[in-house]
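Notes to accompany the following structure.
The values are calculated or read from the model by the stated rules, or taken from the named source; none is laboratory data. This structure is a prediction, so every number in the text was calculated from the model and none was measured. Note: ideal-geometry Cβ built from the backbone for every residue, glycine included; neighbour counts use all protein chains shown. For the accessible areas, the whole protein counts, side chains as well, though only heavy atoms, and no ligand, DNA or RNA atoms are used. Shrake-Rupley method; radii C 1.70, N 1.55, O 1.52, S 1.80 Å.
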Amino acid sequence: MVSIQQPRLSTSKPNRHLHLLQNLYQHLCTSLGTDVRDGTADIALSVSMIFISTQEECHLVHQIMNLLTHIASLEIIRKSKKSRKAVEILVICEKLAAAGCDTSPYFSSVLKAASVSLPTSLQYETLSTDLTENRDLTKLNFWSSRSLLWLWRKGHLFHKVSKQDCQNALTVEELLDTPPMFHDMSLPLVIDVGCGLGVTLIGLAAKANGEEEMIGTTTNNHDLNLNWSKYNYLGSDLSSKAMQWATSLTLRRKLDGRCQFLHASTETVLEYLNRSNSVEVKMILLQFPTPYRLLQEKIDDDDDEKSDVRKKNNGCNEKLPLGPDDPSFMANPRILEKMVHLINRRPSSHCNEKEAYLLLQSNCEDVALYIHDYITSKHHLEAIASAVPRLSFNGMTFSSRTKTWLQNHHAKDKNLKRALGQQWSCESMIPIMTETEALCLHQSTPVHRCLFKK
């Protein structure tokens, strides 16, 4: 087994987690789940968030997940079909999938039991259209949009970055001394900076390892049709909890030889890659960077009560970066320069990959336009025309931020530039969606996508 690049942790935590997992497994074996009943899916989701770093812990989690999945299937069968709502049955299946139980040999029993119970359950006929995909339960898995929504709902547990996270993050020198290790170090990298839970990279790594049938894809018409088995996958984030979760799932799915995660800042990882001349980068994913404040959110007048009210009504978040040039903004000019340098870097003689890509995805139109214009105007990267371009926003729902941005700028410029045209894709360009994409799909909110190449 290849060593995993872990966030720096105290040595007591793995032992504590192992003890908790052992107690839970013994309890489930003794009780046979009689004291958890409908809570099995919630327990599975909680167990999936425990950081594991050893094979012993991984084996225990597999056993616990198998038990919980088996208990869930029995519980669905046991309950009177007419006394349970259809949505309740679907939620059990979705949570188990979100917990990574789709790899359990008992997961098919859960889906089979649910398929039998659903047609006679309460309110089955009134299921909303957004649940349609789950009526064919045989296709439900970790990457299904309804499963990813449960990860998004748990996002508050992972995405907060503490001062300790910043202090304990890896440095460039540490990465140069102990770089992430893969089974085949010669393969080019697909990197996801600020990757959050790393859902995209884990999915691509699973596809690379031949789990094609296990993975739900976003669409069959991708703009970027790459052979994903030819790459390694590297993600990074400043949230240690997010990196622990991603590392744990990677280990559980036996993908650690193909996919690695680093507890490090975006700038640190890009600087490390730029200084590592032997590392080839095939693609950079810049997905849903935390936006900066809108212009009117920068107003700071403590004596103006109306200003305070205006900030509150506009949803001003004081923790957001002040603007696109703010060093804390994940796509500030300094970071974009480093990304473009990696994309433009001449490949080594042994590398057969002559093209490199930068994929931008954001649900904030103003942020997407800023990044697009900066890259195309200053670095001569080509924005690729999409096979399915977004030509209008008909039928879409705008976020409160976009509404405020439009209101502010339409008053000044009737010909405001929008994220529309041949360069903006209305469908995903890669086969794995993130939990944020799943939310946007659920809410009919546009995702602004653009693919650049050198």
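A count restricted to the stretch 399-454 and to residues that are assigned to a loop (DSSP other than H, G, I, E, B) and open to solvent by less than 30 Å² (accessible area, probe 1.4 Å) stands at 11.
If the condition is being under 15 Å from the mean Cα position of the chain (by Cα) and under 18 Å from Met396 (Cβ atoms), then the stretch 416-454 contributes Ser428, Met433, Thr436, Glu437, Ala438, Leu439, Cys440, Leu441, Val447.
Only one entry in Ala114, Ala44 is modelled with pLDDT under 90 and either in contact with a Cys (Cβ under 8 Å, 6 or more places away or on another chain) or in a loop (DSSP other than H, G, I, E, B) (or both), namely Ala114. Across the stretch 97-117, the number of residues qualifying as within 26 Å of Trp245 (Cα to Cα) and polar (S, T, N, Q) comes to 3.
The C-beta contact set for the stretch 356-367 (first residue within 19 Å of Tyr292 (Cα to Cα), second residue open to solvent by less than 10 Å² (accessible area, probe 1.4 Å) and of a type in the set (Gly, Ala, Ser), distance under 6 angstrom, 6+ apart or interchain) comprises Ser362/Ala368; Glu365/Ala419. Say whether the condition of being out of contact with any helix residue (DSSP H, G or I) (no Cβ under 8 Å at 6 or more places or on another chain), buried (at least 19 other Cβ atoms within 10 Å of the Cβ), at pLDDT 90 or above and polar (S, T, N, Q) is met by at least one residue in the stretch 332-345. For the stretch 332-345, residues out of contact with any helix residue (DSSP H, G or I) (no Cβ under 8 Å at 6 or more places or on another chain), buried (at least 19 other Cβ atoms within 10 Å of the Cβ), at pLDDT 90 or above and polar (S, T, N, Q): present.
Looking only at residues in the stretch 47-78 that are in a loop (DSSP other than H, G, I, E, B) and polar (S, T, N, Q), which one is most open to solvent (accessible area, probe 1.4 Å)? If we take residues in the stretch 47-78 being in a loop (DSSP other than H, G, I, E, B) and polar (S, T, N, Q), then Thr54 is most open to solvent (accessible area, probe 1.4 Å).
In this entry, Ala86 is excluded by the filter for residues that are over 18 Å from Leu118 (Cβ atoms) and either open to solvent by 70 Å² or more (accessible area, probe 1.4 Å) or not basic (Lys, Arg) (or both).
If only residues of the stretch 373-404 that are out of contact with any strand residue (DSSP E or B) (no Cβ under 8 Å at 6 or more places or on another chain), among the small types (Gly, Ala, Ser) and within 18 Å of Asn363 (Cβ to Cβ) are counted, the one that is modelled with the highest pLDDT is Ser392. Here Thr290 fits the description: at pLDDT 90 or above, of a type in the set (S, T, N, Q) and in a loop (DSSP other than H, G, I, E, B).
When you look at Gly235, is it at pLDDT below 95 and either more than 17 Å from the chain's Cα centre (by Cα) or open to solvent by less than 30 Å² (accessible area, probe 1.4 Å) (or both), yes or no? For Gly235, the condition - at pLDDT below 95 and either more than 17 Å from the chain's Cα centre (by Cα) or open to solvent by less than 30 Å² (accessible area, probe 1.4 Å) (or both) - is not met.
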